[in-house]
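So the structure is just underneath, and the comments pick up after that.
The values are calculated or read from the model by the stated rules, or taken from the named source; none is laboratory data. Because the structure is predicted, anything quoted here is derived from the model rather than measured. Counting neighbours? That spans all protein chains shown, and the Cβs are built from the backbone with ideal geometry, glycine included.
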Amino acid sequence: MVIYEITATVENRLRDQFEQYMSDIHVPDVLATGYFETADMAEDKDSEFVIQYSCESRLKLDEYLATCADDLRKDFAMKFPEGVEIKRRIYEPE
C-alpha cells in the first residue's frame, strides 16, 4: 500500500470554498481515475487540509502521476489560482 498525501494550506477567506470543491469535485475526480482505493480528508486548526489517497502499489501511483495528475492539477489551479499552497508527499509503509 502506498499513501499519496496532499497538504493544502488555505487562506481563511477560501476555506469553505476549498473544502466544498475538494469534497464535491476534486477528490471524487481523483478516485474516478481508478488508481486509488480510498481518500480521506481532514482539516486542522492551522488552516491546513490533509488529503490522503491510498493506492495498491508505487507502480499504480506512478501511472496516475504520468497520465492523470497534470489535468487534475490544472483544473485545481484554475479554481484556486492563489490563496492555496500545496505540498505533496508519498509514503510507502513496509
Among the residues of segment 72-84 satisfying the criterion of being surrounded by 11 or more Cβ atoms within 10 Å (Cβ to Cβ) and in contact with an Asp or Glu (Cβ under 9 Å, 6 or more places away or on another chain), which is farthest from residue 25 (Cα to Cα)?
83
Return only the number of the condition from (1) surrounded by 15 or more Cβ atoms within 10 Å (Cβ to Cβ); (2) without any contact (Cβ under 8 Å) to a residue 24 or more places away in the chain; (3) more than 10 Å from the chain's Cα centre (by Cα) that residue 3 does not satisfy.
(2)
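I need the full set of residues from segment 60-75 which are of a type in the set (Lys, Arg) and in contact (Cβ under 8 Å) with a residue 12 or more places away in the chain, in order please. If you could, list the steps in order and put the result at the bottom.
Of segment 60-75, the ones of a type in the set (Lys, Arg) are 60, 73-74.
Matches in segment 60-75: 60 only.
Which of the residues spanning segment 36-81 are among the small types (Gly, Ala, Ser) and farther than 22 Å from residue 10 by Cβ?
To start, the set of residues in segment 36-81 that are among the small types (Gly, Ala, Ser) comprises 39, 42, 47, 54, 57, 66, 69, 77.
Those that are among the small types (Gly, Ala, Ser) and farther than 22 Å from residue 10 by Cβ: 54, 57, 66.
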Looking only at segment 6-40, filter to residues that are touching a strand residue (DSSP E or B) at 6+ places or on another chain (Cβ under 9 Å) and among the small types (Gly, Ala, Ser); which one of those is surrounded by the most Cβ atoms within 10 Å (Cβ to Cβ)?
8
Are any of the residues in segment 41-64 at pLDDT 95 or above, out of contact with any Ser or Thr (no Cβ under 6 Å at 6 or more places or on another chain), surrounded by 13 or more Cβ atoms within 10 Å (Cβ to Cβ) and among the polar types (S, T, N, Q)?
yes
Within segment 74-90, the residues that are charged (D, E, K, R) and over 13 Å from residue 21 (Cα atoms) are 74, 82, 85, 87, 88, 89
